[in-house]
Amino acid sequence: MNFKALPKIDLHLHLDGAIRVPTIAELGDELGVKLPTYDPRKLAAMVQVNRDCRSLTDFLKRFEVFYPILPFATTQERIAYELCEDCQRDNVIYFEARFAPALAASPRFTMEDAVTAALEGFRRGQRDFSIRCGLILCCYRSISVSENIATVKLAHTYRDQGVIGIDLAGDENHFATAPHAEAFALARKLEIPITIHAGEGGRPENIREAVFTHGAARIGHGVSLQQDPELLKAVRDRGTVFEICLTSNLQTCTVPLLSAHPFKKFLDENVLVTLNTDDPAVSNITLSGEFELAAREYQLKPAEIRELLLNAAHAAFGETSLRRSLAAMIQQTLPT
């Protein structure tokens, strides 16, 4: 199967994890931000990992190199615009990118500035590359409740301009979800779709809380679901969608080997799973490559590939008409 030719959908994609290496170098130079090097070839070794990475620490330290260039309108708009081009080249027909406005802000660059800059990049990118996308705003576990409430309010303000949902990201092993219940109560009240990072490295109880307490329709990663058969049945019956990121989970040591990943178990037990990139530039991957990896590792049949793609189409946070259009494109390419 030619995976690049398939019309694909990426629902779990971090905006800052998608920045091109040459873009980091150019923006660092243009903005006067000190970087270890401005040579893209040397910089690549500092900001990208390969498939042999097996440490969360090593994975996360790559972001530290380019975080200083993030709180600028030029940066946010350019990353968003170039992501549209990169996805179009990989035949991704729709994607939902996410970022935490609070982490992209500075005293001179507000959370709202970050959101409007990213949305402008997506507006131009969708026009120039004939692709569709949406922006998910991330609340963050380790920041204040007030900042996360402000993030939800921003999502509501820009709901008709490209923001399509709310997420909760951050270290679930050290920062609980419960303190941010007010933010998610507000999101539910405002009818903003919710996805939550849960069960990536933490307990399956984090998934239960995200779904049944905070109203998450989708779960980012959710690897630890395999530890709780009762919960697996409950979320399957509820129709909760799991955003699986294979290479990322391997590189961050969420799983020791791909053979230990519950992806195929979830698929076989009719859990709604999708396949995504997470941080494609940092991981140095494409969505086509992830589908090829999954097909090879788990001997996926064409019907299972089709199921993954349709799951993503139906789980998109966009309008009903968008979901129907995406599903129709996939069904035309992979008829039953």
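To the nearest 20 debye, what is the magnitude of the charge dipole of the chain about its Cα centre, counting +1 on the Cβ of each Lys and Arg and -1 on the Cβ of each Asp and Glu?
Working: 36 positive and 43 negative charges, 94 e Å.
Once rounded to the nearest 20, the dipole reads 460 debye.
I need the calculated FRET efficiency for the pair Asp171 and Gln332, taking r as the beta carbon distance and R₀ as 35 Å, to the nearest 0.05. Present the calculation step by step, with values, prior to reporting the outcome.
Details: r = 42 Å, r/R0 = 1.20.
Once the sixth-power term is evaluated, E becomes 0.25.
Cut-off 10 angstrom, C-alpha nodes, Gaussian network model of the chain. Which of Ala185, Ala316, Ala114 fluctuates the most?
Between Ala185, Ala316, Ala114, it is Ala185 that shows the largest mean-square fluctuation.
Please report the antiparallel percentage of the DSSP beta bridges confined to segment 103-211, to the nearest 5.
Values: 1 of 8 bridges.
Within segment 103-211, antiparallel bridges account for around 10 percent of the total.
If the elastic network links every pair of Cα atoms under 10 Å, which of Ile194, Ile143, Ile131 fluctuates the most in the Gaussian network model of the chain?
Among Ile194, Ile143, Ile131, the largest GNM mean-square fluctuation belongs to Ile143.
Out of every Cα pair in the chain, what percent are spaced more than 34 Å from each other? Walk me through the numbers on the way to the answer.
Details: 9514 of 56280 pairs.
So the pairs more than 34 Å apart make up 17 percent of the total in the chain.
Work out the FRET efficiency for Glu30 and Thr157 from their Cβ-Cβ distance, taking R0 = 35 Å, and round it to the nearest 0.05. List each step's numbers first, then the result.
Numbers: r = 30 Å, r/R0 = 0.85.
After rounding to 0.05, the efficiency reads 0.75.
Out of the DSSP beta bridges found with both residues in the chain, what percent are antiparallel (nearest 5)?
Values: 1 of 31 bridges.
Restricted to the chain, the bridges split so that about 5 percent are antiparallel.
Counting heavy atoms of the protein chains only and a 1.4 Å probe, report the per residue accessible area for the chain as a whole number of Å².
On a per-residue basis, the chain sits at 41 Å².
Do you know the Lys pair count in the chain for C-alpha distances under 16 Å, with sequence separation 8 or more or different chains?
Working: Lys34/Lys42; Lys42/Lys61; Lys153/Lys189; Lys233/Lys264; Lys233/Lys265; Lys264/Lys301; Lys265/Lys301.
Counting lysine pairs in the chain gives 7.
If Lys and Arg each add +1 and Asp and Glu each add -1, what is the summed charge of the other residues whose beta carbon sits under 13 Å from the beta carbon of Asn270? Display every interim value, and only then the final one.
Values: positive: Lys233, Arg236, Arg238, Lys264, Lys265; negative: Asp237, Asp268, Glu269, Glu304, Glu307.
Net charge in that neighbourhood comes out at 0.
Heavy atoms only, probe 1.4 angstrom, no DNA, RNA or ligands counted: give me Asp16, Asp160, Asp171 ranked by accessible area, highest first.
Ranked from most to least accessible, the order is Asp160, Asp171, Asp16.
With all protein chains present, how much of the accessible area of segment 188-336 (probe radius 1.4 Å) comes from carbon and sulfur, to the nearest whole percent?
Values: 2830 of 5920 Å².
Looking at segment 188-336 in its full context, I get 48 percent from C and S.
Would you kindly find the accessible area of Phe3, with a 1.4 Å probe and non-protein molecules such as ligands, DNA and RNA excluded, rounding to the nearest 10 Å²?
Surface open to solvent at Phe3 totals about 30 Å².
Skipping prolines and chain starts, which residues have an amide H placed within reach, meaning under 5 Å, of the one on Arg98, given they are 5 or more residues away or on another chain?
Those lying under 5 Å, H to H, from Arg98 are Leu13, His14, Leu15, Ile136.
Give, as ranges by residue number, the residues of segment 71-113 whose backbone N falls under 15 Å from the point 7 Å along Cα→Cβ of Ala5.
Output list for this probe position: 91.
What are the ³J(HN,Hα) values, in whole Hz, obtained from phi via the Karplus relation 6.51 cos²θ - 1.76 cosθ + 1.60 with θ = phi - 60°, for each residue of segment 266-283 in sequence order, with x given for Gly and Pro?
Listing the rounded values in order: 4, 4, 5, 9, 6, 6, 6, 10, 10, 10, 9, 9, 6, 10, x, 6, 5, 7 Hz.
Mind checking which of Phe317, Ala294, Met329 is farthest towards the positive end of segment 267-336's charge dipole, using Cβ charges of +1 (Lys, Arg) and -1 (Asp, Glu) about the Cα centre?
The Cα lying farthest towards the positive end belongs to Met329.
At 222 nm, what helix-only mean residue ellipticity would the chain give, in deg cm²/dmol to the nearest 500, using -39500 (n - 2.57) for each DSSP H run of four or more?
Numbers: 15 runs with 159 residues, N = 336.
The helix-only estimate for the chain comes to -14000 deg cm²/dmol at 222 nm.
In whole percent, and with a 1.4 Å probe on the protein chains, what portion of the accessible area of segment 1-159 is carbon and sulfur? Walk me through the numbers on the way to the answer.
Working: 3450 of 6790 Å².
The C+S portion of the solvent-accessible surface of segment 1-159 is 51 percent.
For Ser259 and Tyr38, calculate 0.36 nm times their separation in residues minus their Cα-Cα distance, and state this gained length in nm to one decimal. Spell out each step's value before the answer.
Values: separation 221, 0.36 × 221 = 79.56 nm, distance 3.84 nm.
This chain segment gains 75.7 nm when fully extended.
Measure out, as a whole number of angstrom, how far apart the alpha-carbon centroids of segment 221-267 and segment 91-113 sit.
About 26 Å separates the Cα centre of segment 221-267 from the one of segment 91-113.
Within the set of other residues whose C-beta is less than 10 Å from the C-beta of Val49, count the net charge using Lys and Arg as +1 and Asp and Glu as -1. Show your work: numbers first, answer last.
On the way: positive: Arg51, Arg54, Lys61, Arg62; negative: Asp52, Asp58, Asp279.
Net charge around Val49: +1.
The values are calculated or read from the model by the stated rules, or taken from the named source; none is laboratory data. Computed from a predicted structure; not experimentally measured. Note that we place each Cβ from the backbone using ideal geometry, even for glycine, and neighbour counts take in every protein chain shown. The accessibility values were calculated without ligands, DNA or RNA, using every heavy atom of the protein model including side chains. Shrake-Rupley method; radii C 1.70, N 1.55, O 1.52, S 1.80 Å.
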